[in-house]
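Rule-based calculations on the coordinates, nothing more; no lab input. These numbers come from a predicted model, not from an experiment. So basically every Cβ, Gly included, is an ideal-geometry build from the backbone, and we count neighbours across all protein chains shown.
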Amino acid sequence: MPGGLRVRRAAGGPGHRGDAGRGLRGTGDVHPGHPRRPRGAAHLPQLARPVPGSVPGGDVALPPVCARRPHARGDGAGRPPGPGGRPGGGGVRPVRAAAARRARRRRAVRAAVCAPGLGVRVEEVPLPALEPGDVLVRVGAACVCATDRKIARGEHPRVPRGVVRVLGHEVAGEVVEVRAPEDELQVGDRVGLVPNVGCGRCAVCARGLDALCPRAEALGITMDGGFAEYVRVPARAVRRGHVVPLPEGIPFEEAALAEPLSCVLQAHELVRTGPGDRVLVLGGGAMGLLNALVARQCGAAEVVVADPHPDRRAAGRELGADRTLHPEELDASEDAFDVVVATAASPSAQGQAVRCAAVRGRVHLFAGLLSPGVVSVDTNRIHYRQLLVTGSTGQTVEHYRRALRMLPRLRPQLGRILTDRVGLEGLEAVLHGMEQRQVLKAVVLPWESS
């Protein structure tokens with residue numbers, strides 16, 4: 001590992017069987033509000049059965065939207081008021097708000113700063129200055145994404161070399177300072193952040209598709225993100241509902257996974273994954289495994305994961321995939337699938353996705369290519385087999401809320417996908433581990449040491 005940094009492997013990581021083999025088919029139920037359990041899949045409740053059925057028009061029957069309650073508190077709602085009249089006994093939130101005030105007096109906080117192509121270093125940076133309508137969030141957890149790895153390598157078009165950025169767009173934490181109206185958010189609210197924020201004025205934003213707005217900004221990409229002790233959320237993100245109160249009983253580490261999960265929910269909504277479908281996922285990384293889990297939640301009859309690396313195929317089997325294959329085995333067979341999701345960022349995977357689709361199959365190109373390239377696709381196959389080929393990026397606030405509702409049902413499997421937990425100092429080691437396929441999915445806990 002670079003720089004002598006040490007990655008802490010979580011219980012339930014690679015080599016830990018946990019709930020092996022039943023991840024996509026568990027029978028237990030998980031309810032928000034349960035006390036937090038020890039880490040590792042072996043200590044967690046079983047997964048609820050898949051959500052059956054579909055809604056009129058062929059859309060997937062996804063879990064209902066998490067209704068926003070005024071001043072939702074996460075772990076404090078419904079508890080007797082403590083000192084100061086705040087739920088949950090008081091103490092913690094006033095202390096954290098006071099810590100934010102001390103940091104503002106000190107005018108510096110710790111952050112993992114990335115210079116694309118030059119690496120990541122932890123240093124003190126100015127505490128973000130708030131403008132009217134802004135919110136300051138104390139970061140509880142921020143997950144590491146393949147996009148972070150792409151930025152760190154200097155390969156992301158929106159973060160060119162020479163730009164210094166605090167990465168991290170999969171973020172959950174606690175509100176510690178508010179410059180927005182009191183009826184929207186209050187100090188002490190436990191929240192998750194939807195990172196892609198549109199301009200709020202164009203026709204795309206009017207449809208709630210902020211990630212597709214031509215003037216969209218994104219936490220951790222065009223704005224400083226969550227690999228820091230505190231993150232500033234700009235006023236337009238607050239106005240558009242991108243600071244989402246967490247349901248009770250969801251810890252920050254789990255809530256940070258709502259961002260990637262919401263991207264997956266949008267993908268399966270677009271290809272209308274539903275009961276009886278045979279689903280092929282090309283790529284067994286973290287996003288591929290999340291796609292497999294969501295496909296089963298949508299009622300898929302068979303879920304197959306294809307990946308060239310044995311450890312990724314093993315992870316797919318542990319999470320309950322019906323079959324795992326090397327991609328070359330697909331070309332040698334006549335298997336055809338109703339839904340094919342290409343999560344591997346390669347032209348060969350995208351071309352193979354079209355070849356593996358059944359008559360009237362639906363193909364989703366989930367991962368963007370690392371660089372512009374030519375994909376060899378038999379367009380006659382699309383034409384004569386009446387295939388639907390689509391893709392998506394990011395999510396809507398609606399999908400994010402649905403993801404928060406789904407997280408408790410996936411809790412046993414998340415312990416297998418989230419393999420590494422590190423402090424800010426461990427971020428560079430994690431990025432290196434992802435390059436070497438030694439890390440599946442990691443979460444950064446800014447207030448802990450690596």
With point charges of +1 on the Cβ of Lys and Arg and -1 on the Cβ of Asp and Glu, referenced to the Cα centre of the range 202-307, which listed residue (Val271, Leu246, Ala203) lies farthest in the positive direction of the dipole?
-> Ala203
Largest-first semi-axes in Å of the equivalent ellipsoid built from the Cα gyration tensor of the range 108-232 are 23, 20, 12
Distance between modelled label sites at Ser333 and Ala206, nm, 7 Å Cα→Cβ extension | 4.8
Residue list for the range 205-225, given a label point 7 angstrom along the Cα-to-Cβ vector of Glu131 and an amide N cut-off under 18 Å = 215-225
Which value, in debye to the nearest 20, describes the size of the charge dipole of the range 136-283 about its Cα centre when Lys and Arg Cβ atoms bear +1, Asp and Glu Cβ atoms bear -1, and nothing else is charged?
-> 820
Net charge dipole size for the range 365-425 [Lys, Arg +1 and Asp, Glu -1 on Cβ; Debye, nearest 20] = 400
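Starting from the Cα gyration tensor of the range 130-178, multiply each eigenvalue by 5, take the square root, and state the resulting semi-axes largest first in whole Å. The partial results should precede the final answer.
Numbers: eigenvalues 129, 42, 9 Å².
In descending order the semi-axes read 25, 15, 7 Å.
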Stretched out fully, how many nm does the piece from Val164 to Arg317 gain, at 0.36 nm a residue minus the Cα gap?
-> 51.1 nm
When all C-alpha to C-alpha distances in the range 325-450 are sorted into bins of 5 Å, what percent of pairs does each bin hold, rounded to whole numbers?
-> 2, 9, 13, 14, 16, 17, 13, 8, 4, 2, 1, 0
Zero-based 10 Å bins, Cα pair distances in the range 356-408, whole percents | 19, 34, 29, 17, 1
Would you mind counting up the charge near Gly154? Only other residues with Cβ under 15 Å from its Cβ, with Lys and Arg at +1 and Asp and Glu at -1.
-> +2
Total charge dipole magnitude, the range 259-405, about the Cα centre, Cβ charges on Lys, Arg, Asp, Glu only, Debye to nearest 20 | 400
Projected onto their principal axes, the Cα atoms of the range 254-311 stretch, largest extent first, over whole-Å spans of 29, 28, 17
Please list the non-local residues whose amide H lies under 5 Å from the amide H of Gly320, H modeled 1.01 Å from N, same-chain partners needing a gap of 5 or more.
-> Gly21, Gly23, Leu24
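In units of 2.2 N^0.38 Å, what is the alpha-carbon radius of gyration of the range 259-367? Each step should come with its number before you reach the end.
Working: Rg = 12.0 Å, N = 109, 2.2 N^0.38 = 13.1 Å.
For the range 259-367, the normalised Cα radius of gyration comes out at 0.92.
Relative to the compact-globule scaling 2.2 N^0.38 Å, provide the ratio for the alpha-carbon radius of gyration of the range 171-300. Please report the intermediate quantities before stating the final value.
Details: Rg = 16.5 Å, N = 130, 2.2 N^0.38 = 14.0 Å.
Relative to the rule-of-thumb radius for its length, the range 171-300 sits at 1.18.
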Whose amide H sits under 5 Å from the amide H of Asp338, counting only residues 5 or more places off or on another chain, with H placed in the peptide plane?
-> Arg278, Ala358
